[in-house]
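Structure first, then comments.
The values are calculated or read from the model by the stated rules, or taken from the named source; none is laboratory data. Owing to the predicted nature of the structure, the values given are computational and were not obtained by experimental measurement. No Cβ is skipped: glycine too gets one built from the backbone with ideal geometry, and neighbour counts run over all protein chains shown.
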Amino acid sequence: MAVLEVLRELVEIESPTDSPGVRRVAEVCARELAALGSRPRFLDGDHLVAELDGDGPPLLLVGHTDTVWPEGTLATMPFRVEDGRAYGPGAYDMKGCLVVLLEAVRLAGERRRALRVFLTADEEMGSRRARPHLEREAQSCAAAFVVEPPGPSGNLKTARKGLGRFRLTVTGRPAHAGTHRHEGVSAVEELAHQVLALDDLNDDERGISVNVGVVRGGTSENVVAAEAEADIDVRVPRHEDRERLEATLAALEPRLEGARLEVGGGWTRPPLEPSAGAERLFAKAREHGHALGLELEAESSGGGSDGNIVGAVGVPVLDGLGAEGAGAHAPNEHVFLPSIPVRAELLARLLRDPGL
Ligand SMILES: [Zn+2]
């Protein structure tokens, strides 16, 4: 099928994480991959794996079939093409990128390496279900290429931060705000101290970010608050930072006498640290890109992807190999159509590279 037709078909199936559309998107990809000679199979219902015979240990191609857009979005954000851009929910992240993957496998033809395609069904929610399957399928692979969108200037990604989601729960002691205020211990006041202490953990130089994104607490303005909590997003570039930060969070001490703290939650993605393996993959990509008129650079991303999971099992990862576009997770989301054949050819050349 023509590239644009497949893109339209994929975008017009709404596929928020955990919806039936996810499996339908995977079935379209399975149909296209089967037409290219692969043997697709489903794991845990909707994660797709497809093997393609070829030389050597397989190269892993990683993408995802879910989007962040709820069902019904198409009514206000229909698929449309304008000025070389295709719009619609998930057109860029990552249905346009899935088309790059499919097209790359086609263009790579017969003289390519053995391939294993893994399409995650719940990437946008942190790949909790896919993770053990992806780890297992990645283990025997020589290298992995992730078709997430490239950086804003088209750059590839050789490192990504690790992500954690924590919850700090503060327990105080309730009391009447007017008559018995001094008998109470305010969980809201304690939380205020802790929010400022957490903010101090930010370290731009090391690339560590700690964001208290949500706070909740108290029951009424005339009651000293008994409970309060904060949801915290933590991002770290290295494993050692992760351990240090985890220890710091576990060691938080209350400032008010009688208040208690409890930290829950944990790490959702390990950091994808810069590695010699990823550098080598990037050097190859830059060389092939050069022949296609692309001046590619490598960059590190603050956001996570399935590349983090694959990197953690020791497989070298090159990420950002999808199509160019803009507005991921935003109403103007679109993929830049002329980049699809170029990025597909870049990936196809990597899949044919005997030196990987
Ligand atoms: Zn994505």
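Here are the numbers for this structure:
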{"quantity": "Pairs, first under 12 Å from residue 3 (Cβ atoms) in the range 325-345, second within 13 Å of the ligand (Cβ to nearest atom) and not in a loop (DSSP other than H, G, I, E, B), C-beta under 7 Å, six or more apart", "calculated": "335/91; 335/92; 335/96; 335/325; 340/96; 340/100; 343/100; 344/100"}
{"quantity": "Residues of the range 36-59 satisfying the condition of being of a type in the set (A, V, I, L, M, F, W, C) and either farther than 23 Å from residue 15 by Cα or not assigned by TED's automatic domain parsing to the domain that holds residue 110 (or both)", "calculated": "36, 52, 59"}
{"quantity": "Unique match (being closer than 25 Å to residue 37 by Cβ and more than 14 Å from the chain's Cα centre (by Cα)) among 85, 80, 136", "calculated": "136"}
{"quantity": "Qualifying helices (runs of 4 or more DSSP H) (wholly inside the range 233-344; at least 1 residues being within 15 Å of the ligand (Cβ to nearest atom))", "calculated": "306-312"}
{"quantity": "Residue among 172, 164, 154 that alone is closer than 30 Å to residue 310 by Cα, touching a strand residue (DSSP E or B) at 6+ places or on another chain (Cβ under 7 Å) and in contact (Cβ under 8 Å) with a residue 24 or more places away in the chain", "calculated": "164"}
{"quantity": "Qualifying strands (runs of 3 or more DSSP E) (wholly inside the range 42-97; at least 1 residues being crowded, with 24+ Cβ neighbours inside 10 Å and touching a residue at least 24 places away in the same chain (Cβ under 8 Å))", "calculated": "47-52, 55-64, 85-87"}
{"quantity": "Search result, residues across the range 306-356 that are under 18 Å from residue 159 (Cβ atoms) and buried (at least 24 other Cβ atoms within 10 Å of the Cβ)", "calculated": "306, 307, 308, 309, 310, 311, 317, 318, 319, 320, 321, 322"}
{"quantity": "Selection from the range 177-209 of residues that are among the β-branched types (Val, Ile, Thr) and over 31 Å from the mean Cα position of the chain (by Cα)", "calculated": "179, 185, 188"}
{"quantity": "Subset of the range 10-41 (residues that are without any contact (Cβ under 8 Å) to a residue 24 or more places away in the chain and either surrounded by fewer than 18 Cβ atoms within 10 Å (Cβ to Cβ) or among the hydroxyl-bearing types (Ser, Thr, Tyr) (or both))", "calculated": "20, 24, 27, 31, 34, 35, 37, 39, 41"}
{"quantity": "Output for the range 211-232, where each listed residue is in contact with a Lys or Arg (Cβ under 8 Å, 6 or more places away or on another chain), aliphatic (A, V, I, L, M) and assigned to a strand (DSSP E or B)", "calculated": "224, 228, 230, 232"}
